[in-house]
Amino acid sequence: MRNAHRVLTGISLALILSGCNTGSPPADWKEYAVTGAYSAAISESGNFATLGSFNHGGSLWDLRKHAREYNWNHKAKEFSLIAATAISPDETYAATANQQDLVLWNVNNGQPAGFWSSPAEILQMDLSPNGDFALLGLANHTAVYFDAKNGGERRVFRHDGRVRSVDLSPDAQLAITGSDAYKAKLWNVESGELLQELEFGNVVDTVAISPNGQWAFSSGSLDKAVIWNANTGQVKHSLSTSADFFRKRVSYLSARFSKNSDRLLTGTAAGLVQLWDVRTGKELKAWRIHHRDPYGPVHAGVYAVGFGAGQYYALASNGIMNVLR
């Protein structure tokens, strides 16, 4: 669930600041967008991906067949700029958003199930089970829990800066947000209560909450990246520090906890995908995503990561789906 604005925070800076990490090549790769993408999301079970491409707007892909199932655009005979996209945890609905409009789609038949105008520019989003609600990160300093089937704001979470990263727990009881105010915040969705808050040294551009609700991941742009206890707010592991400037000051663009919450998969602006042990904080595996042309740009950002059956997925800004083992 990653957005076009992240290109600015990641790709150019990553050429200098993140080039030292190494990783294995992907086991396989497929081209999903010929000239690149604005946004992407991978479903929790690793069966589907949504993509906002430069040339063809939105689309749904079946990862088991690497086949495009539907083309999703907001106007007939016109390609939409899809700045954010998401898939519900049960894979029944997906959503695409340009900067102002949100469309809910039925994954089974590809038909729209709701079309709404957003209260402000949409920077990122996530979906609740059955696609009932969308958590929207907005440029007007709020995150909104929006009724995606009937319209209207169910809950508003106020911030001191643009909300550029959001994630819902699979049961939609918890929401985590990251903002330009250098803070990651954990919320009770039903009550709107702020449960925890963590400060960073830069804008918080990636957040994730574990399925069991116990762990959270947050990272600042070219700043620290941490796994922390959602119940206490205490940092458990730091995945990057400022001690080694050239190796550690990286920007994470995507993160996903495994279903049993014991693994964390992350993707960086420089095209590095890492698998972490949540218990120990140790890196278990690392991969470098596929690049189109060895003589062209070296890096592409990882917009979405996901867990599959015996493998992992990473969908990058260059439009390449990477299969990792």
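The values are calculated or read from the model by the stated rules, or taken from the named source; none is laboratory data. Keep in mind the model is a prediction, meaning the values are calculated, not measured. We place every Cβ from the backbone using ideal geometry, glycine too, and count neighbours over all the protein chains shown. Surface accessibility is based on the protein's heavy atoms, side chains included, excluding ligands, DNA and RNA. Shrake-Rupley method; radii C 1.70, N 1.55, O 1.52, S 1.80 Å.
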Completion exercise
the range 33-142: Kirkwood hydrodynamic radius (Cα pairs, Å) comes out at 13.6 Å
Fill in the blank from the handout: Ordered by number, the GluC sites (Glu not before Pro) in the range 126-214 that occupy a DSSP loop and have at most 13 other Cβ atoms within 10 Å are GLU190, GLU193
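Give me the Å³ per residue figure for the convex hull around the C-alpha atoms of the range 176-222.
67 Å³
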Exercise for the section: Pull out a ≥ b ≥ c, the square roots of the eigenvalues of the alpha-carbon gyration tensor of the range 120-233, then state rounded if a/c is under 1.5, prolate if not and a/b is larger than b/c, and oblate in the remaining case. Expected result: oblate
Handout entry: 5 angstrom amide H check on TYR70, placed H, neighbours 5+ away
Key = LEU60
Fill in the blank from the handout: On the accessible surface of the chain, probed at 1.4 Å with all protein chains in place, carbon and sulfur together account for a percent value of 48 percent
Practice task
Note down the relative contact order for the range 90-161 as a percent, whole number, built from C-alpha pairs under 8 angstrom at least six residues apart.
Solution key: 22 percent
Handout entry: Net lengthening on full extension, ASN140/LEU194 (0.36 nm per residue, minus Cα-Cα)
Key = 17.6 nm
Fill in the blank from the handout: In deg cm²/dmol, rounded to the nearest 500, the helical mean residue ellipticity at 222 nm of the chain, built from -39500 (n - 2.57) for every DSSP H run of length 4 or more, is -1500 deg cm²/dmol
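Which whole-number percent gives the relative contact order of the chain, counting Cα pairs below 8 Å spaced six or more residues apart? Kindly include the intermediate steps, with their values, before the conclusion.
Numbers: 1029 pairs, mean separation 57.1, N = 325.
Relative contact order of the chain: 18 percent.
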Practice task
Among LEU174, SER218, HIS159, pick out the residue whose Cα is farthest towards the positive end of the charge dipole of the chain, where Lys and Arg carry +1 and Asp and Glu carry -1 on C-beta, about the Cα centre.
Solution key: SER218
Handout entry: Reachable lysines, given that their alpha-carbon falls under 29 Å from the alpha-carbon of LYS185 and they are not under 8 places away in the same chain
Key = LYS149, LYS224, LYS236, LYS248, LYS259, LYS282, LYS285
Practice task
Select from SER254, GLY233, LEU138 the residue farthest towards the positive end of the dipole of the chain; place +1 on Cβ of Lys and Arg, -1 on Cβ of Asp and Glu, and compute about the Cα centre.
Solution key: SER254
Handout entry: Rounded Å value of the spacing that divides the Cα centres of the range 255-281 and the range 69-115
Key = 27 Å
